[in-house]
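Only the coordinates and a few stated rules stand behind these numbers; no lab work does. Bear in mind the structure is a predicted one, so any value in this text is a computation, not a measurement. Ideal geometry is used to build each Cβ from the backbone, glycine not excepted, and the neighbour counts take in all protein chains shown.
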Amino acid sequence: MPPEVPGLSSQRQTSNIPMSPPEKLPPHQQSGQDFWVYPSEQMFFNAMKRKGLLLFDRHDWMVDRRGKGWDPQADDMRSVVAIHNSVNERAWREVMAWERLHCQECAEPRLKRFQGRPSDLSPKARLLNFMGSGLPFDRHDWVVDRCGKEVRYIIDFYNGAPQPGQRAAAAFFLDVRPALDSFEAAWDRVRMQLSWVTSGRWRD
């Protein structure tokens, strides 16, 4: 066990993301729990020191925000953990927006497993970049248990500009959508796009 750093909390926050236990439970999660649990400040610091942020998730973008490479500062951990947890909660809300299309089929979808893929560009990210958009700084694949059916979601993370008057330390844009692994997923993406167009939100 690495030594504890004074001032870093060992308290862990339980997420609002329901867990469907995967075949192989990560060592930092406990069996029998109903929700995924986020890493503590101490765990996050140790993971950064090891250059491997596979705790609840992986966010390499948090490590180099001051040009320090893999040299985490204990004083930064509170804000880093807060941002990490907030972004994951937001990602799950976006996933649930898609899952509501199947609420009659499954009322309580759960997150089964996840994978950080920061070096792999999704086809959509490549297309948007070809059309002039910036590249995402990270990518995750989340596998949702839809009452026995596994559905993979792709999440591209983009840097965003803070809104006027916003005091947040960082701003992010999340592009969350089901992977095109099936006709059903493709149809969901068509339905969601049509809903967005007819709603008139694109004018905002």
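Quick rundown of the values:
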{"item": "Calculated diffusion of the range 82-196, Stokes-Einstein form, Kirkwood radius summed over Cα pairs, 20 °C and 1.002 mPa s, µm²/s", "result": "141"}
{"item": "DSSP-assigned coil residues among trypsin sites (Lys or Arg not before Pro) in the range 102-160, each with at most 12 further Cβ atoms within 10 Å", "result": "none"}
